[in-house]
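> The structure's right below; bear with me while I get my questions together.
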């Protein structure tokens, strides 16, 4: 119970730190403080993607509709966070390079993820029968997951990248000012916790709904609708 | 275009505070919404 | 019967049907020619920068592929030959056979579109082997992905347009690599554009996943 309020204070502290504690890196403008939200949100998008992919796989293995519910919940949240990541990334890009969108590999990758999420949810919406929907969505999701590494890791090798390597190096060596790095990592952790909290809420609501519909066995409450 | 290469801790601009407060308020609103949602879901889960 | 034999049988059946009616080929060709005509009309014979021309070519091909290849499974469902097909051949065989048909269909369309493209825009490839390699590999990947999506949606009784919408995100890597590779073949000599690796990897991943997940794709 208390951990929720802990999360509230934690994220509030991270927000304050992002504005008052962390300095700006060289050549960047105030707009680029959004990096403390952009990278964690993009990270959560990837986490959601992995969770959705995992549960898609588990559904095909077990044919348990609860797994499908988990995959769907992750995908829904993933779409939300992906949209946020795209927008915050565009704002960061404007501050850093003067253009909202320039198709550098990272922007291309996040756009691709946006399409995948949207297509997955479109597919789910198009199929009525829960079992068939779960199966088709799981297959599509796994195909998408298989193709994604190609676009995210291979495309940057083909094209020149405009992503801020001086600050965040794909090679793993982070050259941020230590304070920037602290705030950034703190935000990363906070957003991950936030994601899993919202995700668990979403899943529980879906499972409850499935039980009420009789699709899943379980202690359906006797509620007069 | 602003050519300052980087602000030190001492050089804040007003916008920093404004945006920060807005962000905190937004976070507060989101949090309270989630808290209420959480309570409702726990109602559902009770036997 | 073995998967290989069944796949060949599915392939032969569809090719025969297609040669009788030429339904899919006509549809694909018409889409390709119409979109190519529009682009040519707008750009003219001297207008093209290589990256633009490359993009035009692949846009036309993508459009035609989505239109023509999507119906591979829908027709089975419409004609109610679906159950018979499932009884006779394994899911993997069906996917392989249909995928091969779609690949041939796409290649036939390209045989029509590419020469026209070259003629209408007055270009020639500095590296024709490079382009042919890009074209072939990209076609394999493109047709494989669209075949699988079409199989998924045929059972969903969903509209054919949905196949395009769902295929597009999956084929974005192919398109990007194909456009880059084609542009490079237009301006540089040399036989092995690096984009070929991406295209080959993509085709491998999609076909591999198709074989592994075939049971789930067609499990009605």
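No lab work stands behind these numbers, since they all come straight from the coordinates. The shown structure was predicted, so the numbers you read here are calculated from the model rather than taken from an experiment. Heads up, the Cβs are rebuilt from the backbone with ideal geometry, glycines too, and the neighbour counts pull from every protein chain shown.
> Please arrange A:54, C:58 by counting, for each residue, the other beta carbons lying within 10 Å of its beta carbon, fewest first.
A:54, C:58
> Below 8 Å between Cα atoms, with a sequence gap of 6+, how large is the relative contact order for the range A:78-149 in percent?
RCO, the range A:78-149: 26 percent.
> 7 Å from Cα along Cα→Cβ at both residue C:80 and residue C:21: what's the point-to-point distance in nm?
Inter-label distance under the simple model: 1.6 nm.
> Can I ask one more? Any idea what angle helix C:128-155 forms with the longest principal axis of chain C, computed on alpha-carbon atoms, 0 to 90 degrees, nearest 10?
Once rounded, one gets 30 degrees.
> Tell me the relative contact order for the range C:112-220 as a rounded percent, counting alpha carbon contacts under 8 Å between residues six or more apart.
Relative contact order for the range C:112-220 comes out at 41 percent.
> Let me ask something additional. What Kirkwood hydrodynamic radius do you get for chain C when you take the inverse of the mean 1/r over all pairs of distinct Cα atoms, in Å?
When all Cα pairs of chain C are included, the Kirkwood radius is 17.7 Å.
> While we're looking at this one, here's another question. Simple spin-label model, 7 Å along Cα-to-Cβ: residue B:21 to residue C:51 in nm?
It is 4.5 nm.
> Go ahead and collect, in residue order, the members of the range A:114-131 whose backbone nitrogen is under 20 Å from a label point 7 Å along the Cα-Cβ direction of residue C:216.
A:116-131
> Same structure, new question: When chain C is modelled as a GNM with alpha-carbon springs shorter than 10 Å, which of C:28, C:16, C:59 fluctuates the most?
C:16
> GNM on chain C, C-alpha springs below 10 Å: top fluctuator among C:191, C:149, C:60?
Of C:191, C:149, C:60, the most mobile in the Gaussian network model is C:191.
> For chain C, find the longest principal axis of its Cα atoms and tell me its angle to the long axis of helix C:50-69, 0 to 90°, nearest 10.
The helix C:50-69 is inclined about 20 degrees to chain C.
> What is the range C:1-122's relative contact order, in percent, from Cα pairs under 8 angstrom and six or more apart in sequence?
With pairs under 8 Å counted, the relative contact order is 51 percent.
> Going by how many other Cβ atoms sit within 10 Å of their own, how do C:2, C:90, C:54 line up, fewest first?
C:2, C:90, C:54
> Is the range C:97-185 rounded, prolate or oblate when judged by the Cα gyration tensor, a ≥ b ≥ c being the square roots of its eigenvalues, rounded requiring a/c under 1.5 and prolate requiring a/b larger than b/c?
Since a/c reaches 1.5 and a/b is larger than b/c, the shape of the range C:97-185 is classed as prolate.
> Also: Select from C:183, C:98, C:13 the residue whose mean-square fluctuation is largest in a Gaussian network model of chain C (Cα-Cα springs shorter than 10 Å).
Highest fluctuation of the listed residues: C:13.
> Also, quick follow-up: Would you mind ranking C:57, C:128 so that the residue whose beta carbon has the fewest other beta carbons within 10 Å leads the list?
Least crowded to most crowded, the residues run C:128, C:57.
> Please report, to two decimal places, log10 I(q)/I(0) for the protein assembly as shown at q = 0.10 Å⁻¹ as given by the Debye formula with identical point scatterers on the Cα atoms and no solvent.
Calculated log10 I(q)/I(0) at the listed q: -0.88.
> Using label points projected 7 Å from each Cα along Cα→Cβ, tell me how many nm separate residue B:37 and residue A:2, to one decimal.
About 2.6 nm separates the two model spin labels.
> Cα axis of helix C:23-43 to longest principal axis of chain C: angle in degrees, 0 to 90, nearest 10?
The angle comes out near 20 degrees.
> Taking the alpha-carbon centroid of each part, what is the distance from the range A:56-131 to the range C:40-92 in angstrom?
Measuring centre to centre over Cα atoms gives 25 Å.
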